[in-house]
Amino acid sequence: MTTTSRCSHLLLAALVVLVPCAAAAAGPPVRVVFDTDMASDVDDVGALATLHALADLGEAEILAVGISSRNEHTGPCADAIDTWYHRPDIPIGSPRALPAGAPRDTNEDTASKYAEEVGRRFPHRLGQTSAAPDAALLYRKVLAAQPDASVVMVSVGFLTNLRSLLDSPPDAVSPWTGEELVRRKVRLWVCMGGKFPDGRFADGNGEYNLRVDSAASLRVLNDWPTPVVFSGFEIGARVLTGRRLREAPEANPVRAAYLLFNGLEDRESWDQTAVLCAVRGAAAYWTESEPGLCLMHAGMPFAFNEWIPTPRKSHRYLVEKTSPAEVSRIIEDLMVRPPR
């Protein structure tokens with residue numbers, strides 16, 4: 001083989017390797033604000049790992065991470081994951097408002113099996129969650145700097161920070177109220193929350209993310225001014241991931257979190273489905289419901305959502321299309337992908 005032929009073959013081989021990534025990153029990256037209650041469950045960790053992997057593929061740009069749960073170790077845990085993926089400068093916000101509504105014991109911190117240990121063992125800069133700036137004010141600053149209708153909000157926890165954002169007044173960052181800022185800058189909100197089409201479980205209560213701060217859920221679901229897509233409990237419950245993190249190095253904080261949470265066994269992937277939908281769109285893996293309203297009922301001691309079909313509202317929820325096993329494989333491929 002001549003030198004010219006050998007170079008041509010090497011170039012062709014390089015192109016073959018690069019084409020899948022180039023195809024995945026077709027179009028500009030999706031600008032994402034990620035809001036999480038990363039504490040009581042570990043799928044939040046898997047979701048942040050999935051988002052970083054999509055960013056490594058050029059499909060997403062992570063603008064900010066907000067913490068919606070009260071736990072002083074959750075912020076450092078998220079910071080450690082950002083640092084592992086070589087994005088230590090992603091701004092992190094923390095909640096200032098207290099969850100309110102059902103259940104009554106929301107003034108207590110959210111317990112976590114992994115957050116403190118991950119923060120202790122892995123490099124990060126944030127000392128504790130409350131040392132991070134107010135998430136709502138951080139979101140105002142981030143949104144104000146983006147082009148109109150360019151940001152996708154992804155929430156995989158309580159809606160505390162989103163309520164605070166909507167309630168925020170004009171300030172030095174922006175002359176618009178929170179609602180006006182969201183209306184101008186956000187094109188879509190993807191929410192892991194609720195249960196569809198029936199919002200209640202057998203015990204009469206609703207899905208965890210919406211019911212913990214039910215007062216915030218009531219405000220945000222009623223008044224959010226952009227289209228909304230819900231990845232309900234039933235979507236992620238059949239998508240199991242985590243076991244393949246045994247392939248990851250011990251230096252990976254995502255692996256460590258799953259090890260501490262359940263010994264590196266599979267776990268439902270509620271939050272990862274919301275991230276996948278936000279970045280790649282619903283049509284790639286799911287169909288969307290007819291338009292409607294996700295109405296929140298916030299009472300004591302129960303809080304739950306009700307789906308009301310109506311063409312006058314721009315809420316939709318995901319409906320299973322691709323097999324859960326295939327969605328699991330796609331998500332887990334992203335979760336175990338080494339940092340860029």
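The values are calculated or read from the model by the stated rules, or taken from the named source; none is laboratory data. Here the structure is a predicted model, which means the values were calculated and not measured. Counting neighbours? That spans all protein chains shown, and the Cβs are built from the backbone with ideal geometry, glycine included. Side chains included, ligands, DNA and RNA excluded: accessible areas come from the protein's heavy atoms. Shrake-Rupley method; radii C 1.70, N 1.55, O 1.52, S 1.80 Å.
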(request) Could you pull out every residue, at least 5 positions away or on a different chain, whose amide H is within less than 5 Å of the one on D134? Hs are placed 1.01 Å off N in the peptide plane, and Pro or chain starts have none. (result) S94
(message) Residues of the range 199-231 with the amide nitrogen closer than 13 Å to a label point 7 Å from the Cα of E179, along Cα-to-Cβ, please.
(response) 219-226
(message) I want to check the label-to-label distance for S130 and E326. Put each point 7 Å from Cα in the C-beta direction and report it in nm to one decimal.
(response) 4.9 nm
(request) With θ set to phi - 60°, apply the Karplus curve 6.51 cos²θ - 1.76 cosθ + 1.60 along the range 91-98 and write out the HN-Hα couplings as whole Hz, x wherever there is a Gly or Pro. (result) x, 10, x, 10, x, 10, 6, 8
(request) Take every Cα pair under 8 Å in the chain that's 6+ residues apart, average their separations, divide by the length, and report that relative contact order as a whole percent. (result) 20 percent
(message) I want to check the label-to-label distance for E265 and N222. Put each point 7 Å from Cα in the C-beta direction and report it in nm to one decimal.
(response) 4.2 nm
(request) For the range 161-208, state what percent of all Cα-Cα pairs lands in each successive 5 Å bin, counting from 0 Å until the bin that includes the largest distance. (result) 5, 17, 19, 15, 11, 13, 9, 7, 3, 1
(request) Let me know the Kirkwood hydrodynamic radius for the range 194-244, please, with Cα pairs as the basis and the value in Å to one decimal. (result) 12.6 Å
(message) Step by step: find N for the chain, compute 2.2 N^0.38 Å, then divide the Cα radius of gyration by it. What's the final number?
(response) 0.99
(request) Report ³J(HN,Hα) in whole Hz for each residue of the range 33-44, in order, from the Karplus equation J = 6.51 cos²θ - 1.76 cosθ + 1.60 where θ = phi - 60°; Gly and Pro get x. (result) 10, 10, 10, 9, 9, 2, 6, 6, 10, 9, 5, 4
(message) Keeping every protein chain present and rolling a 1.4 Å probe, give me the accessible area per residue for the chain in Å².
(response) 42 Å²
(request) Show the residues, 5+ positions off or on another chain, whose built amide H is closer than 5 Å to the amide H of G66. (result) F34, D35, T36, G93
(request) With runs of 4+ DSSP H residues as the only contributors, calculate the mean residue ellipticity of the chain at 222 nm using -39,500 (n - 2.57) per run, divided by the residue total and rounded to the nearest 500. (result) -11500 deg cm²/dmol
(message) For A60, what residues show an amide H to amide H distance below 5 Å, using hydrogens built from the backbone and excluding near sequence neighbours?
(response) V30, A55
(message) With a 1.4 Å probe and all protein chains kept in place, how much accessible area does E61 have, in Å² rounded to the nearest 10?
(response) 80 Å²
(request) With a 1.4 Å probe and every protein chain kept in, tell me what percent of the accessible surface of the range 38-141 is carbon plus sulfur. (result) 49 percent
(message) Give me a comma-separated list of calculated 3J(HN,Hα) values for the range 257-271, in order, Karplus coefficients 6.51, -1.76, 1.60 applied at θ = phi - 60°, integers in Hz, x for any Gly or Pro.
(response) 4, 5, 4, 5, 6, 8, x, 6, 9, 5, 9, 4, 10, 4, 6
